[in-house]
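Data first, discussion second: the structure below is written as structure tokens.
The values are calculated or read from the model by the stated rules, or taken from the named source; none is laboratory data. Predicted model only: the values in this text are computed from it and were never measured. Reconstructed Cβ throughout: ideal geometry from the backbone, glycine too, with neighbour counts over all protein chains shown.
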Amino acid sequence: MEKKDKVIYTVGHSNHSIDFFIDQIKTFAITCIIDVRSVPASAYNPQFNIDNLQKSLKASKIIYLHFGEEFGARHTEKELLDSFGKVDFDKVRETPKFLLGVERLQKGLDSGFNISLMCSEAEPFDCHRFSMISYYLARNGFIVHHILKDKSIITNDELEKVLLKKYHRQIPKANLFEIFNEKDQLNLAYRLRNKDVAFDALSI
């Protein structure tokens with residue numbers, strides 16, 4: 001049985017109207033939005049710029065917090081990049097700031113907030129909120145549900161099955177000479193997804 005105090009939601013604002021977005025999160029009784037965008041602004045959807053969003057959420061009695069430093073995906077520090085200049089999610093998850101973000105997240109749950117992480121991409125599969133943040137949360141006692149644009153839910157476990165299917169041709173299978181279990185396969189699939197969605201620090 002799920003423990004309410006360990007359930008975390010994620011959502012992408014996409015190009016929705018603010019009214020649709022608020023209705024979307026209210027469907028799941030969200031009382032706190034944690035913005036995980038490194039830059040809390042949108043050139044094409046100004047309703048999701050930090051000031052506008054914060055004001056709209058406050059009118060609906062929803063708390064807004066920005067965790068760009070803790071959970072953002074855009075990094076340029078050399079020690080957080082792979083050999084190709086892309087952000088390495090494994091390295092980010094080991095940083096004190098990321099771990100502080102997890103600690104603050106737990107404190108929010110302990111205080112009774114129903115929390116959703118928010119980024120811009122509609123599909124969690126295309127966003128670091130799945131491949132960077134939820135990876136860690138799901139392995140450290142949290143239950144993660146991803147809110148989709150049709151106001152349905154896909155669990156993190158279900159999304160991991162999508163992940164394995166996406167990269168199944170690139171993942172080694174167990175054989176007589178090598179043990180490559182499902183956990184190994186999943187971790188490799190996450191690393192492959194990391195490369196596909198990570199911020200390229202060399203492009204700026």
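Could you check the stretch 148-196 and list, in sequence order, the residues that are in contact with a Pro (Cβ under 9 Å, 6 or more places away or on another chain) and modelled with pLDDT of 90 or more?
Passing the criteria: L148, I154, N156, L159, Q185, L188.
Could you check the stretch 74-91 and list, in sequence order, the residues that are without any contact (Cβ under 8 Å) to a residue 60 or more places away in the chain and part of a helix (DSSP H, G or I)?
K78, E79, L80, K91
Collect the residues in the stretch 50-63 that are without any contact (Cβ under 8 Å) to a residue 12 or more places away in the chain and either in contact with a helix residue (DSSP H, G or I) (Cβ under 6 Å, 6 or more places away or on another chain) or exposed (fewer than 14 other Cβ atoms within 10 Å of the Cβ) (or both), keeping them in residue-number order.
D51, K55, K58, A59 - these are the residues of the stretch 50-63 that are without any contact (Cβ under 8 Å) to a residue 12 or more places away in the chain and either in contact with a helix residue (DSSP H, G or I) (Cβ under 6 Å, 6 or more places away or on another chain) or exposed (fewer than 14 other Cβ atoms within 10 Å of the Cβ) (or both).
Taking into account only those residues within the stretch 42-65 that are closer than 18 Å to F28 by Cα and in a loop (DSSP other than H, G, I, E, B), which is nearest to the chain's Cα centre (by Cα)?
Residue satisfying both the conditions and the ranking: I62.
What number of residues within the stretch 88-129 are more than 21 Å from I147 (Cα to Cα) and hydrophobic (A, V, I, L, M, F, W, C)?
Count: 5.
For the stretch 74-93, give me each residue that is under 19 Å from the mean Cα position of the chain (by Cα) and among the hydrophobic types (A, V, I, L, M, F, W, C).
Hits for the stretch 74-93 are L80, L81, V87, F89, V92.
Only one of these conditions is not met by S42: (1) under 13 Å from F199 (Cβ atoms); (2) modelled with pLDDT under 95; (3) not aliphatic (A, V, I, L, M). Which number is it?
Evaluating S42 over (1) under 13 Å from F199 (Cβ atoms); (2) modelled with pLDDT under 95; (3) not aliphatic (A, V, I, L, M) leaves (1) as the failure.
Surrounded by fewer than 16 Cβ atoms within 10 Å (Cβ to Cβ), more than 25 Å from I33 (Cβ to Cβ), of a type in the set (D, E, K, R) and out of contact with any Lys or Arg (no Cβ under 9 Å at 6 or more places or on another chain): is that true of K151 in this structure?
So K151 does not fit the description; no.
For the subset of the stretch 96-138 comprising residues that are farther than 23 Å from K6 by Cβ and not charged (D, E, K, R), which member is surrounded by the fewest Cβ atoms within 10 Å (Cβ to Cβ)?
A122
Restricting to the stretch 1-50, name every residue that is touching a Lys or Arg at 6+ places or on another chain (Cβ under 8 Å) and either aromatic (F, W, Y) or under 22 Å from G68 (Cα atoms) (or both).
Passing the criteria: T10, G12, S14, H16, T31, V36, S38, V39.
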